[in-house]
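The values are calculated or read from the model by the stated rules, or taken from the named source; none is laboratory data. Bear in mind that the values here come from a model prediction, so they are computed numbers and not experimental data. Positions of Cβ are generated from backbone atoms using ideal geometry, with glycine treated the same way; all protein chains shown enter the neighbour counts. What goes into the accessible areas is simple: the full protein's heavy atoms, side chains included, and nothing from ligands, DNA or RNA. Shrake-Rupley method; radii C 1.70, N 1.55, O 1.52, S 1.80 Å.
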Amino acid sequence: MELAIYNIKGEDTGRKAILNDEVFAIEPNEHAIYLDVKQYLANQRQGTHKSKERSEVSGSTRKLHKQKGGGGSRIGDINSPVLVGGGRVFGPRPRDYRFKLNKKLKQLARRSALSQKVLDNQLIIVEDFTVETPKTKNFVNIAKNLKVEGLKTLFVLASVDKNVYLSSRNVPNTVVMTASDINTYAVLNNKALLLTESGLDVINKL
């Protein structure tokens, strides 16, 4: 598969980028995508939620009234879960939400996401570029030229470029990451995916 290569002025360079069909032209596997995205989001959870149970609530442990003969329901101390201000029954406890997925399944999910971007015409190949000084204005102009201004956009570079990162930091709905760090969630969570030529070379081998 081939796609046109654009420069940062939004002009077609006349050259073509070769996309690996095993990465960019497979039948998307929705269930693999679901599992990989689910794992990614689960791994972001801190899991530090905690509520106080009966033994942890501050309050007297004196029995409020005798067990029988009062004509009312049985009740213990003021920390009882059935009373306002009492402990919570089966409340959340700190836990780890992470779970394991096989490498080949994650690879299939990532390739499915990239293939879906091609099917949706949301993939743009840009020749390698850099910015001399970190300026937000320069990055906004690049987005305008490539007609992705205002869209949720993911820029993928081959390696870390500090000036490009700093230039994009204040641009809303824009993420810059390296090709080796891309994941299924990052690929799908945008309306435009921009790959540099060298970034594409890395992804073709993933």
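Among the residues of the stretch 146-166, just one is modelled with pLDDT of 95 or more and of a type in the set (S, T, N, Q), namely T153. Got a number for residues in the stretch 4-48 being part of a loop (DSSP other than H, G, I, E, B), open to solvent by less than 60 Å² (accessible area, probe 1.4 Å) and over 27 Å from K103 (Cα atoms)? Residues in the stretch 4-48 being part of a loop (DSSP other than H, G, I, E, B), open to solvent by less than 60 Å² (accessible area, probe 1.4 Å) and over 27 Å from K103 (Cα atoms): 3 in total. Here is the figure for the stretch 20-78: residues that are closer than 30 Å to G199 by Cβ and either touching a residue at least 12 places away in the same chain (Cβ under 8 Å) or among the hydroxyl-bearing types (S, T, Y) (or both) total 23. When the residues of the stretch 108-139 are narrowed to those that are open to solvent by less than 20 Å² (accessible area, probe 1.4 Å) and over 20 Å from the mean Cα position of the chain (by Cα), which ends up farthest from A32 (Cα to Cα)? Among them, the one singled out is V131. The single condition among (1) loosely packed, with under 14 Cβ neighbours inside 10 Å; (2) within 30 Å of K205 (Cα to Cα) that F90 does not satisfy is (2).
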